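The values are calculated or read from the model by the stated rules, or taken from the named source; none is laboratory data. As the structure is a computational prediction, the values presented were derived from the model and not from experiment. All Cβ positions, even for glycine, are placed from backbone atoms using ideal geometry, and neighbour counts span all protein chains on display.
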């Protein structure tokens, strides 16, 4: 990470995508970014009462409401990874104690950030990565829930708390970020409440400082491998977005199915009251449908609480990686600009000036870090999604098993010979 | 009579099919041991003793449906569906069946047959026909009468109707029913010649009776109440079930989108690609599995519908009782008032208002001969009235006895049929759950390989 002897620049320049092996995917990256455009007709529900394209249902707003994310496994994964890397962790961060504040202009929620700091080594100014998510704002942009219903606000606060906790832990675990000066300031400020507005400013300043340092330089062309990463991230986020919408739609349909079931079951009870010999069988069917309804409700709750939030985390996660990619571009652009400037000043040609060298170092560091980060990210992603999707399958299996049990248990009741009334 | 096995051919134990006399003579057919739901314990007609005369069995099936065009009564072109009815007699010894009759009938002819049976057997809970128009449809089903699925379900329903009639201890003996199965041409004329339409009670009369009857048999009142409630609850059930089916369809179909997006996603992945791709395939399988599941459920809905329509048949029997009872009460009242008039004339006291009394007052007393003549007429009328009352009473009691016997038979049948329907519904649900577990287990395995 520290600067070593100046290395040769990796060969960049306009190569055809096809010549360069894609670092991330085995298959060709011809997948267009706009892959959502042509839905196959038999997968859509062409309803007479005008349901729209399932791929793009009503905007991006979640149909349900947010609930706490149980992404502790994700956390564990992150921490485990860093231990494997052999980093010595001396900084521990937790986010808890949410408090609601009502002011004249706004209502907001604050969280307490607790740090346990061991022997602390500062590596100097490494303000090269932008913190994308200002944790102190009351509502994250991506998660605007239209008309937040009061009774959910507790769960929502908890979701945020967990997300913030994770977010800060991630920074803590990051080999480079955790030593970020601004991050440290953020952590050590005495009274977070008092510094609330300053907190925002702090992070904005981080962002600003980044822009200041690297702003104003235009990158001519992104090297192939990074271009590939960028494209991958774009498509990945797009697909995740689609999956999110599908999942939301499924939950919506399941909830509507649940509503009907809750009316359906009791009708058997009503009928049972009219009958003699059939009374018990009908009542049994009613109870059975009731059990299935409960199982379905549990499924939709699980989906909302466990599945969706993690999905959305990953969309944000990939967005933050894209920002890092952009910063990398900036660094490279700066270097190239400086190099060009030097090339024009003929007297310095035999030796490369110190600041240009520094720039080159920075760029190479950045590139190496980014590639390492990306690899780590890919590993995490693979494990996380394996677990997430297996969990999804599990929840559905459990739902069906509950229903199966309910129906199998009433077969003997239905077959029973009743005493004629 | 499960609808789940449409091509099953029910066996009857009939007699040799002898030539028949005039209307009212019966086909020598009877209930076989194997036909479900034909309880014999409460039946008014004891069939068991006649079993020894049966040599052959009859099987009835509605095997085909065909679109036809023809000219209707007003000579206009119309398209309708005709159904092929095949009757087979089965040799008792070797079980081979021989086709004895085969003809085509359309729905309206079934209706004619049923209306005839309703008039001639008012004490019987006459089996209902499948619905004329598709009701309780959810969005995937067509409400069009010409839709092949609707036609198919109707074919099954019509077969079921014939089997119900053929296995009813009283109805199976009807000649018109026999001719329906055997005589293609001219059958309509034969039915109409019975003049049954004229014998039918007018709606108005029936409605009037319902409101004004004073002393109906309590059991019938209760039964009518029950059939009203049954109709209401089954309608509600069918409506909600249709909505449930609609929603369930939606849930399954949306999962198909997973298939597509997993496939697209797998294209940009290295190690995860295969797992995603194959999981996506399972999502497609899941999404398409709902079609068969819901088709099976339609059979269940049809079984419920039959009993929805049976409720109407129950009500018809109750109405007939009310009509007869009202008739009886009116006749009794009539007789009572005539007796009173007679008495007044004889004794000379006028307790009730009469026009004659008024005019007598106004225009002078009638002569003794005139009075005698009137008394004589009244006495004749009273005699007649008493005879009529006696026979009406008898009729009424016969009706109650026979009707109640058939109602008991019906109750047994209903309980058994509906229990079987519920069992088959539960089995359908179990099968659906097992399929769901299978698909998601497969998908989980694919995910584990990511």
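Consider segment B:432-441. How many of its residues are in contact (Cβ under 8 Å) with a residue 60 or more places away in the chain and either surrounded by fewer than 17 Cβ atoms within 10 Å (Cβ to Cβ) or facing chain A (nearest Cβ under 7 Å) (or both)?
Start the filter on segment B:432-441 by keeping residues that are in contact (Cβ under 8 Å) with a residue 60 or more places away in the chain, which leaves B:432, B:435-436, B:439-440.
With the extra rule that they be either surrounded by fewer than 17 Cβ atoms within 10 Å (Cβ to Cβ) or facing chain A (nearest Cβ under 7 Å) (or both), the set shrinks to B:436, B:440.
The qualifying residues number 2.
Answer yes or no as to whether residue A:257 is within 7 Å of chain B (Cβ to nearest Cβ) and either within 18 Å of residue B:249 (Cβ to Cβ) or in contact with a strand residue (DSSP E or B) (Cβ under 7 Å, 6 or more places away or on another chain) (or both). Don't jump to the end; show me each part of the working.
Values: within 7 Å of chain B (Cβ to nearest Cβ): yes; either within 18 Å of residue B:249 (Cβ to Cβ) or in contact with a strand residue (DSSP E or B) (Cβ under 7 Å, 6 or more places away or on another chain) (or both): yes.
Judged against the criteria, residue A:257 is a match.
Please report, ordered by residue number, the helices (runs of 4 or more DSSP H) entirely within segment B:138-228 with at least 1 residues that are away from chain A (no Cβ under 14 Å) and within 24 Å of residue B:104 (Cα to Cα). Step through it out loud before you land on a result.
Details: elements: B:148-166, B:175-182, B:187-193, B:196-199, B:203-212.
By residue number, B:148-166, B:175-182, B:187-193, B:196-199.
Evaluate the following for residue B:386: is it loosely packed, with under 12 Cβ neighbours inside 10 Å, in a helix (DSSP H, G or I) and modelled with pLDDT of 75 or more? Give the derivation first.
On the way: loosely packed, with under 12 Cβ neighbours inside 10 Å: no; in a helix (DSSP H, G or I): yes; modelled with pLDDT of 75 or more: yes.
Answer is no for this residue.
If a residue must be free of Cβ contacts under 8 Å to residues at least 12 places away in the same chain and within 18 Å of residue B:437 (Cα to Cα), how many such residues does segment A:366-397 contain?
5
Determine which member of the set A:329, A:384, A:355 is surrounded by fewer than 17 Cβ atoms within 10 Å (Cβ to Cβ) and either farther than 30 Å from residue A:279 by Cα or more than 18 Å from the chain's Cα centre (by Cα) (or both). Give the steps one after another, and end with the answer.
Working: A:329 fails: surrounded by fewer than 17 Cβ atoms within 10 Å (Cβ to Cβ); A:384 fails: surrounded by fewer than 17 Cβ atoms within 10 Å (Cβ to Cβ).
A:355 is the lone residue from the list that is surrounded by fewer than 17 Cβ atoms within 10 Å (Cβ to Cβ) and either farther than 30 Å from residue A:279 by Cα or more than 18 Å from the chain's Cα centre (by Cα) (or both).
Does residue B:237 satisfy being touching a residue at least 12 places away in the same chain (Cβ under 8 Å) and facing another protein chain (nearest Cβ under 8 Å)? Can you show your working first?
On the way: touching a residue at least 12 places away in the same chain (Cβ under 8 Å): yes; facing another protein chain (nearest Cβ under 8 Å): yes.
When the stated conditions are applied, residue B:237 passes them.
Looking for whichever is at the interface with chain A (Cβ under 8 Å from one of its Cβ atoms) and over 29 Å from residue A:234 (Cα atoms) here; the options are B:250, B:273. Which one fits? Talk me through it step by step, then tell me what you get.
Numbers: B:273 fails: over 29 Å from residue A:234 (Cα atoms).
Exactly one residue qualifies, and that residue is B:250.
For segment A:241-251, does any single residue satisfy the condition of being under 28 Å from residue A:415 (Cα atoms) and either assigned by TED's automatic domain parsing to the domain that holds residue A:333 or crowded, with 18+ Cβ neighbours inside 10 Å (or both)? Don't jump to the end; show me each part of the working.
Step one: of segment A:241-251, the residues under 28 Å from residue A:415 (Cα atoms) are none.
No, segment A:241-251 contains no residue that is under 28 Å from residue A:415 (Cα atoms) and either assigned by TED's automatic domain parsing to the domain that holds residue A:333 or crowded, with 18+ Cβ neighbours inside 10 Å (or both).
Each row is one residue, and each column tells you yes or no for (1) more than 9 Å from chain B (Cβ to nearest Cβ); (2) touching a helix residue (DSSP H, G or I) at 6+ places or on another chain (Cβ under 8 Å); (3) closer than 30 Å to residue B:422 by Cα.
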residue: A:311; (1), (2), (3): yes, yes, no
residue: A:317; (1), (2), (3): yes, yes, no
residue: A:324; (1), (2), (3): yes, yes, no
residue: A:327; (1), (2), (3): yes, yes, no
residue: A:337; (1), (2), (3): yes, no, no
residue: A:343; (1), (2), (3): yes, no, no
residue: A:362; (1), (2), (3): yes, yes, no
residue: A:396; (1), (2), (3): no, yes, yes
residue: A:404; (1), (2), (3): no, yes, yes
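All but one of (1) more than 8 Å from chain A (Cβ to nearest Cβ); (2) surrounded by 16 or more Cβ atoms within 10 Å (Cβ to Cβ) hold for residue B:425; state the number of the condition that does not hold.
Condition not satisfied by residue B:425: (1).
Residue check: is residue A:376 more than 10 Å from chain B (Cβ to nearest Cβ), part of a helix (DSSP H, G or I) and surrounded by fewer than 18 Cβ atoms within 10 Å (Cβ to Cβ)?
Numbers: more than 10 Å from chain B (Cβ to nearest Cβ): yes; part of a helix (DSSP H, G or I): yes; surrounded by fewer than 18 Cβ atoms within 10 Å (Cβ to Cβ): yes.
When the stated conditions are applied, residue A:376 passes them.
Do the conditions hold for residue B:158, that is, is it within 11 Å of the chain's Cα centre (by Cα) and under 19 Å from residue B:68 (Cβ atoms)? I'd like the intermediate steps shown before the answer.
On the way: within 11 Å of the chain's Cα centre (by Cα): yes; under 19 Å from residue B:68 (Cβ atoms): yes.
Criteria met by residue B:158.
Just for segment B:104-123: of the residues that are in contact with a strand residue (DSSP E or B) (Cβ under 6 Å, 6 or more places away or on another chain) and in contact (Cβ under 8 Å) with a residue 60 or more places away in the chain, which one is surrounded by the most Cβ atoms within 10 Å (Cβ to Cβ)? Don't jump to the end; show me each part of the working.
Taking segment B:104-123 first, the residues in contact with a strand residue (DSSP E or B) (Cβ under 6 Å, 6 or more places away or on another chain) are B:104-106.
Those still in the list that are in contact (Cβ under 8 Å) with a residue 60 or more places away in the chain too: B:104-105.
On the way: B:104: 14, B:105: 20.
The residue in question is B:105.
Taking the stated definitions as given, is residue B:296 surrounded by fewer than 23 Cβ atoms within 10 Å (Cβ to Cβ), over 20 Å from residue B:157 (Cα atoms) and touching a residue at least 12 places away in the same chain (Cβ under 8 Å)?
Details: surrounded by fewer than 23 Cβ atoms within 10 Å (Cβ to Cβ): yes; over 20 Å from residue B:157 (Cα atoms): no; touching a residue at least 12 places away in the same chain (Cβ under 8 Å): yes.
For residue B:296, the condition - surrounded by fewer than 23 Cβ atoms within 10 Å (Cβ to Cβ), over 20 Å from residue B:157 (Cα atoms) and touching a residue at least 12 places away in the same chain (Cβ under 8 Å) - is not met.
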